[in-house]
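A.B. asks: To start, I am sharing the structure in question, which I have written as structure tokens.
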Amino acid sequence: MTSCSGQRFAFEYQPSFVCFPLEQFGLGDSKYDGKIELLDGEDGAEAKYTKALEISGGEEKLRSFQDFSKELQRKHGLHEEQKGIIEAGERAARSVKVNFQPFFPTLDELFEFAHKHKHHFFDLVDRVATATHGTCAKPPLKGKERCESKARFKYMDAAGNIEWHRLTDIVRDTLSYENLEDMYDGLKLIDEDKNVEIVEFNDRYQTPLDGGYRDLQLTLRVQGELVCELQLTTKYMLFIKESSGHRVFEVKRQLIADVAANSELGCRKTLLWAGKDAEAVLQEKKKPMLHIAASQGNSRMVQLFLEHRADVNLEEKTTRRTALHEAMAKGHACAAWALISAGAKQDVQDADGQTPLLLGLLRQRVYPENEAVARRASKLSKSTPQ
């Protein structure tokens, strides 16, 4: 099926996908119909990502690039002492190295600088795309309003100054490929280019994110000292990312940061930004947000997530624990009571056969001076069927 403009759309093959023009991903030719149908035949984003990897070359082909990837990680990744203090999940999900722009006191000045030097970056991307059979998107600079919102939200120092120099994605692009071999050829060409510095490299093909999404992430410093971001991936992986709700991952990543910072205001802003995706994030069974808040004892965030329709009895995928298990195990009485008041089941057994009551009693034996936990355990013992 084609539109009146001649574009062929994803919904022709997969009603579960949003309407995306296939040309946007380099998949407009009818020769890709069979591969799109294979992707459509998988249930859920994680299965679709797995199929996208298979179509792009598969696990065996991916393993053939492990040594090269490890070499680049040694050259451009974190030092061993940094790895020791930063969890692997955080390393994969976000930038953790210092990769700042030159200092500018205002966003306008930073944008002027980016406009002046962006051609160095796009010239590089063009050269690599031409030499390695890639396709680049050539997007405009990131919107100034979005940059300002992001910086005010994430990059304010203790004195209240906005760290504009931490905005490294004002100039960015994506190189998409037919297969893994061409993609890694593109990466090799960038590494060999003497006119560009790889400030940070993150191979999320070798170590995919939760949910199965994969890409190569590069932070580059080009001539003129402009720092830019470049993503390399295959067109099939990119197609699934854009059409199957990758934004849910981005929302959860920010919520985890907000909870870690104990920022209720940050959580509220992120949930507002998430809009209709908030509920999907809160229903995820792998490391649920309600469990994280309960484990930290933040009763206000527990209440906030419940207000946004988090399932009070959701069981974590691996441990089968509920949020009440987490609160009782850590001795967080207020968080536990917030959950109980919202209807948390008190006799649910986790993967080890333990109930919230048992965890509370164990906590009380270890810390007998914790009166609040004793009260919660007593309350549970009286209300739990014998």
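A.B. asks: Under the Kirkwood approximation for Rh and a Cα-based Rg, what ratio Rg/Rh is obtained for the range 60-243?
C.D. replies: Computed over Cα atoms, the ratio is 0.96.
A.B. asks: Give me the extension gain from Glu145 to Ala131: residue separation times 0.36 nm, minus the current Cα-Cα distance, reported in nm with one decimal.
C.D. replies: Computed gain between Glu145 and Ala131 is 1.5 nm.
A.B. asks: What is the mean projected area of the alpha carbon convex hull for the range 241-327, to one decimal in square nanometres?
C.D. replies: For the Cα atoms of the range 241-327, the hull's average projected area reads 5.2 nm².
A.B. asks: Going by Cα centres, the range 275-312 and the range 323-363 are how many Å apart?
C.D. replies: If we compute the Cα centre of each part, the gap is 15 Å.
A.B. asks: Continuing with this model, one more query. So which of Lys118/Lys150; Lys142/Lys252; Lys150/Lys188; Lys116/Lys138; Lys75/Lys194; Lys48/Lys317 end up more than 24 Å apart, counting from Cα to Cα?
C.D. replies: Lys150/Lys188
A.B. asks: Could you work out how much longer the chain between Glu54 and Lys286 gets when fully extended? Use 0.36 nm per residue separation minus the Cα distance between them, nm to one decimal.
C.D. replies: Value of the extension gain: 81.1 nm.
A.B. asks: How large is ³J(HN,Hα), in whole Hz, for each residue of the range 299-310 in order, when computed from phi with the Karplus curve 6.51 cos²θ - 1.76 cosθ + 1.60 and θ = phi - 60°, using x for Gly and Pro?
C.D. replies: Whole-Hz 3J(HN,Hα) from phi for the range 299-310: 5, 5, 6, 4, 5, 4, 5, 5, 4, 9, 6, 5.
A.B. asks: What ³J(HN,Hα) values, in whole Hz, does the Karplus curve 6.51 cos²θ - 1.76 cosθ + 1.60 give for the range 288-296 when θ = phi - 60°, with x put for Gly and Pro?
C.D. replies: Coupling constants for the range 288-296: x, 5, 4, 5, 5, 5, 5, 5, 7 Hz.
A.B. asks: Can you tally the net charge around Glu264? Count Lys and Arg as +1, Asp and Glu as -1, for every other residue whose Cβ sits under 13 Å from the Cβ of Glu264.
C.D. replies: The answer is +1.
A.B. asks: Would you please put 36-43, 141-148 in order of how densely packed they are, using the mean number of other Cβ atoms within 10 angstrom per residue and starting with the highest?
C.D. replies: Highest mean packing first, the order is 36-43, 141-148.
A.B. asks: Calculate one ³J(HN,Hα) per residue across the range 113-128 by plugging θ = phi - 60° into the Karplus curve 6.51 cos²θ - 1.76 cosθ + 1.60, and present them in order as whole Hz with x for glycine and proline.
C.D. replies: 4, 5, 4, 5, 10, 4, 5, 4, 5, 5, 5, 4, 4, 4, 4, 5
A.B. asks: Which percent, nearest 5, of DSSP beta bridges in the range 60-243 are antiparallel?
C.D. replies: Roughly 70 percent of the DSSP beta bridges within the range 60-243 come out antiparallel.
A.B. asks: Right, next: Once you put a point 7 Å from the Cα of Tyr155 and another 7 Å from the Cα of Lys345, both along the Cβ direction, what distance in nm separates them?
C.D. replies: 4.7 nm
A.B. asks: Another question about this same structure. Among Met289, Met328, which comes first, then next, by fewest other beta-carbon atoms within 10 Å?
C.D. replies: Lowest to highest Cβ neighbour count: Met289, Met328.
Bear in mind that the values in this text are calculations on the coordinates, not laboratory data. Bear in mind the structure is a predicted one, so any value in this text is a computation, not a measurement. As a convention, Cβ positions derive from the backbone with ideal geometry for all residues, glycine included, and neighbour counts pool all protein chains shown.
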